[in-house]
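Everything below concerns the one structure shown next.
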Amino acid sequence: MAIERELKLALPGDLPAPRANALIAHLDRLPGAEARGERHLVNRYFDTPDLALARAKAALRLRFVARDGHPGQWLQTLKSVGEARNGLHVRHEWEQAVHGEALELAPLIAACDMPATAALLRDEGTRVVAQFETNFVRRLWRYIAGDGTTVEIAFDRGEVAVEAAGVRHKEPLIEVELELLDAPDDDRSAQGERILNALAQDLRAVLPELHADDVSKAQRGYRLRQKVLGG
């Protein structure tokens, strides 16, 4: 199990390309940051027809990651109930590689060391179906602070989509994620979180449209599903 800790910053869906390019240029020359290229991510979120996972504040995702010069990879991820405050999301996460375009729930259940979450997936896993997608291009940077704190900076641009009656309904998705990867002494002093907030402040100086967002990508998908399908 890993504990995911990231600061999420949203942007308007109609952000002009020159504004996005200004942010990219700033990150490319940010001291301590190393550009890590682009990935194309296709993400399918699964739940039961009556949304048992959403009610338990869990999320189940199948992701395909593609990048130039490398074969693509399928990953499955389970996220449990967490908290979000002022854009900072903290939650438990289990992620595994899978062999192809299908969930492999048995190893995911075995890896999950939160009994209630494992029991939920064990009881409801046979009923899960794809509910919505998030598809986007992710540009990455690895930032290392002077004390060794390591942050992954991701700039995501794409869409959230729901299929209904043969029609694809979609909304734009543009956001920056600052994920704390490593911090001295397991960040007991909360220095890592302070660095996340300092980075966010630096990025807002370049792009004031950035704002802290407590809504996850999964929540965006469920909201669009509700809008399209109701219930």
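The values are calculated or read from the model by the stated rules, or taken from the named source; none is laboratory data. These numbers come from a predicted model, not from an experiment. Neighbour counts run over all protein chains shown; Cβ positions are idealised from the backbone, glycine included. Ligands, DNA and RNA are stripped out before the accessible areas are found, and what is left, the full protein with its side chains, is counted by its heavy atoms. Shrake-Rupley method; radii C 1.70, N 1.55, O 1.52, S 1.80 Å.
When the residues of region 82-126 are filtered to those that are basic (Lys, Arg) and within 17 Å of Glu4 (Cα to Cα), which remaining residue is farthest from the chain's Cα centre (by Cα)? Steps first, answer last, please.
Quick first cut of region 82-126, residues basic (Lys, Arg) only: 85, 91, 122.
Pick out the ones that are also within 17 Å of Glu4 (Cα to Cα) and you get 85, 91.
Numbers: Arg85: 16, Arg91: 11 Å.
Within region 82-126, the match that is farthest from the chain's Cα centre (by Cα) is Arg85.
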Practice item. Please identify the pairs in which a residue from region 164-186 that is in contact (Cβ under 8 Å) with a residue 12 or more places away in the chain has its Cβ atom under 6 Å from the Cβ atom of a residue that is hydroxyl-bearing (Ser, Thr, Tyr), counting only partners at least 6 apart or on another chain. Key: Leu181/Thr150; Asp182/Thr150; Ala183/Thr149
Review point. When you go through (1) more than 22 Å from Tyr222 (Cβ to Cβ); (2) open to solvent by 50 Å² or more (accessible area, probe 1.4 Å); (3) assigned to a strand (DSSP E or B) one by one for Glu95, which number turns out not to apply?
Key: (1)
Exercise for review: Give the residue, chosen from Thr134, Thr126, that is among the hydroxyl-bearing types (Ser, Thr, Tyr) and in contact with a helix residue (DSSP H, G or I) (Cβ under 6 Å, 6 or more places away or on another chain).
Suggested key: Thr134
**Study point:** Flag for Leu207 being surrounded by 15 or more Cβ atoms within 10 Å (Cβ to Cβ), over 20 Å from the mean Cα position of the chain (by Cα), within 16 Å of Ala10 (Cα to Cα) and touching a residue at least 24 places away in the same chain (Cβ under 8 Å)
**Key:** yes
Exercise for review: Search region 134-157 for residues being open to solvent by 30 Å² or more (accessible area, probe 1.4 Å) and part of a strand (DSSP E or B), and hand back the single one that is nearest to Leu30 (Cα to Cα).
Suggested key: Tyr143
Check your understanding: Just one of the numbered conditions (1) touching a helix residue (DSSP H, G or I) at 6+ places or on another chain (Cβ under 9 Å); (2) surrounded by 19 or more Cβ atoms within 10 Å (Cβ to Cβ) is not true of His89; which one?
Key -> (1)
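Here's the yes/no breakdown for (1) open to solvent by 20 Å² or more (accessible area, probe 1.4 Å); (2) under 20 Å from the mean Cα position of the chain (by Cα):
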| site | (1), (2) |
| --- | --- |
| Glu171 | yes, yes |
| Val176 | no, yes |
| Leu181 | yes, yes |
| Ala190 | yes, no |
| Leu199 | no, yes |
| Arg220 | yes, yes |
| Arg223 | yes, yes |
| Leu229 | yes, no |
Exercise for review: Starting from region 101-123, keep only residues that are among the acidic types (Asp, Glu), then list their pairs with residues that are in a loop (DSSP other than H, G, I, E, B) and open to solvent by 50 Å² or more (accessible area, probe 1.4 Å) whose Cβ atoms are within a distance under 9 Å, requiring at least 6 positions of separation or different chains.
Suggested key: Asp113/Met1
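If we scan region 45-58, do we find a residue that is over 30 Å from Val206 (Cα atoms), in contact with a His (Cβ under 7 Å, 6 or more places away or on another chain), open to solvent by less than 40 Å² (accessible area, probe 1.4 Å) and not in a strand (DSSP E or B)? Walk me through how you get there before you give the answer.
Here is the first cut: in region 45-58, the residues over 30 Å from Val206 (Cα atoms) are 45-58.
Next cut, in contact with a His (Cβ under 7 Å, 6 or more places away or on another chain) only: none.
Checked region 45-58: no residue is over 30 Å from Val206 (Cα atoms), in contact with a His (Cβ under 7 Å, 6 or more places away or on another chain), open to solvent by less than 40 Å² (accessible area, probe 1.4 Å) and not in a strand (DSSP E or B).
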Study note, to complete from the structure: Exactly one of Ala25, Ala2 is within 19 Å of Ala218 (Cβ to Cβ) and over 13 Å from the mean Cα position of the chain (by Cα), and that residue is Ala2
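Looking at region 1-27 only, could you name the residues that are part of a helix (DSSP H, G or I) and either open to solvent by less than 10 Å² (accessible area, probe 1.4 Å) or in contact (Cβ under 8 Å) with a residue 40 or more places away in the chain (or both)? Explain how you work it out, then say what you get.
We begin by selecting, within region 1-27, every residue part of a helix (DSSP H, G or I); these are 17-27.
Across region 1-27, the qualifying residues are Arg19, Ala20, Ala22, Leu23, Ile24, His26, Leu27.
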Review point. Does region 216-224 contain any residue that is of a type in the set (A, V, I, L, M, F, W, C) and within 22 Å of Gln131 (Cβ to Cβ)?
Key: yes
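Quick check: is even one residue across region 105-127 hydrophobic (A, V, I, L, M, F, W, C) and part of a strand (DSSP E or B)?
So the first thing to find is which residues in region 105-127 are hydrophobic (A, V, I, L, M, F, W, C), and the list is 105-106, 108-112, 114, 116, 118-121.
Filter once more, keeping what is part of a strand (DSSP E or B): none.
No, region 105-127 contains no residue that is hydrophobic (A, V, I, L, M, F, W, C) and part of a strand (DSSP E or B).
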